[in-house]
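To start, the structure under review is shown below, and the notes come after it.
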């Protein structure tokens, strides 16, 4: 669609509204939206920075929190006596000394570090007695836990261990003999108190959630305890074991922002914050701004609509007056519309209307006078023409016989002119027009005898309709003079009057010689030229002058078979 053309075709009120939308309201909304999203981006970036700072502090606190446990692990890791006891072959030796040493050492550790709830040793040494208190066979460890500790190669890892009761226990675990001389290996496991990390993952903001996960994503501790033991991917789909991950996602139907940072002991601290809460203040301010913008826009729009309606109503009055003028109502006058540009147009229109009325009246009077003169002239042309032909017929008959036929001819001629003259009137009923034709044919019958036959097909209900006089007679005369093949052959003429839609159709059809195609085209072309003439051209011109350009004569002919002439006029009662 052509936008320029569409805008041009809009009414005045529409142009004002569209102009306001594109030149004022839309740019203002664009600036507002740009400011909103720019501020939103800045606030999100600040939120990420704040969360990162908080996670860094938590990371430091986490290391300090587990520092005593880490020191204990280091002490046990470097204890050569402990490592020796764990790798010793007890198939022939007593293990009472080993129990005494380890029990005394671990008891001292419990006294010094109450945050350690239990210490275990998982060993592949089959001769080491498994008391299921201190010593366990490594096969009782979960495969993932054992694999994770081995892959650390002597580094401390934090594993989550599920108890038979389904509770999660956190254990700091380390492979003791990273490079064993024999075939045995041992894993030291320090189970820390479950409440130790509760304060660590506690949040001050109810919309935030803090998680401590291992490298597989399993949640070891959380500010929402019901999520412990599950995988962080359920709430942070883009999470992976990497440092400094920032992402946005949807959780429980709310928009969230999440940050994951690598921490000590091959763990990750994850903080998920409510994005809506972060942007709440901004949304409040932006909402107030948008409300004020839309309120002011609505007020301006209402004022524009009222103002444009006032102007459009005035323009519509001028347009209505112009349409009245176009419809031919020249007496419509605009009321006083003020002295502005539209008012001046209204005054000019009134002046123009008066001048047009005067010019049309003068022109109409001239046209009527000219048309009447033309019709009278054409009528005056056809009457002498007919009289000349009729007198020729009477003269010929008078030479052949002694008087009776001549008397009849004169009587028929008198009857013809009685109807034809009609006190100077140009309009007859169709019945009078048919009577005129019949009187004419009586004269022709005296001359041609039975060599000319006429049939009439006229609906009775059409006889009262009006027509111009001498419409049928020239058509029949044309058939007689141009249609007869010879004196021996009978010329059949059919005269019909019928309705054709909203028109009356006069039809004169003969079975004469017809008209050749080139001559027929020339004759049709001559009919369209408004020139003086007799016969068909005279009828065609008189019909058009009387009824309009859409009416007139139509000729149809086939050479050797005959001719049909049709005349169309409007239905006039």
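The values are calculated or read from the model by the stated rules, or taken from the named source; none is laboratory data. Keep in mind that what you see is a predicted model, and the values were worked out from it rather than measured. All Cβ positions, even for glycine, are placed from backbone atoms using ideal geometry, and neighbour counts span all protein chains on display.
When the residues of segment 460-470 are filtered to those that are assigned to a loop (DSSP other than H, G, I, E, B) and modelled with pLDDT of 90 or more, the one that is surrounded by the fewest Cβ atoms within 10 Å (Cβ to Cβ) is 464. Please indicate, with yes or no, whether at least one residue in segment 200-213 is in contact with a strand residue (DSSP E or B) (Cβ under 6 Å, 6 or more places away or on another chain), surrounded by 19 or more Cβ atoms within 10 Å (Cβ to Cβ), assigned by TED's automatic domain parsing to the domain that holds residue 254 and under 23 Å from residue 121 (Cα atoms). Looking through segment 200-213, none of the residues is in contact with a strand residue (DSSP E or B) (Cβ under 6 Å, 6 or more places away or on another chain), surrounded by 19 or more Cβ atoms within 10 Å (Cβ to Cβ), assigned by TED's automatic domain parsing to the domain that holds residue 254 and under 23 Å from residue 121 (Cα atoms).
Of the set (1) in contact with a strand residue (DSSP E or B) (Cβ under 7 Å, 6 or more places away or on another chain); (2) surrounded by fewer than 19 Cβ atoms within 10 Å (Cβ to Cβ), all apply to residue 510 but (2).
Evaluate segment 88-101: report whether one residue or more is in the same structural domain as residue 263 (by TED's automatic domain parsing) and either closer than 24 Å to residue 263 by Cα or touching a strand residue (DSSP E or B) at 6+ places or on another chain (Cβ under 8 Å) (or both). Looking through segment 88-101, none of the residues is in the same structural domain as residue 263 (by TED's automatic domain parsing) and either closer than 24 Å to residue 263 by Cα or touching a strand residue (DSSP E or B) at 6+ places or on another chain (Cβ under 8 Å) (or both). From the list 305, 292, the lone residue that is exposed (fewer than 14 other Cβ atoms within 10 Å of the Cβ), at pLDDT 75 or above and not assigned by TED's automatic domain parsing to the domain that holds residue 172 is 292.
Looking across segment 218-260, the residues that are under 21 Å from residue 60 (Cα atoms) and within 49 Å of the chain's Cα centre (by Cα) come down to 241, 242, 243, 244, 245, 246, 258, 259, 260.
A residue that is assigned to a strand (DSSP E or B) and in the same structural domain as residue 433 (by TED's automatic domain parsing) cannot be found anywhere in segment 523-539.
On the given criteria, is residue 428 surrounded by 20 or more Cβ atoms within 10 Å (Cβ to Cβ), within 22 Å of residue 570 (Cα to Cα), in the same structural domain as residue 540 (by TED's automatic domain parsing) and at pLDDT 85 or above? Yes; evaluated as a whole, the condition is true for this residue.
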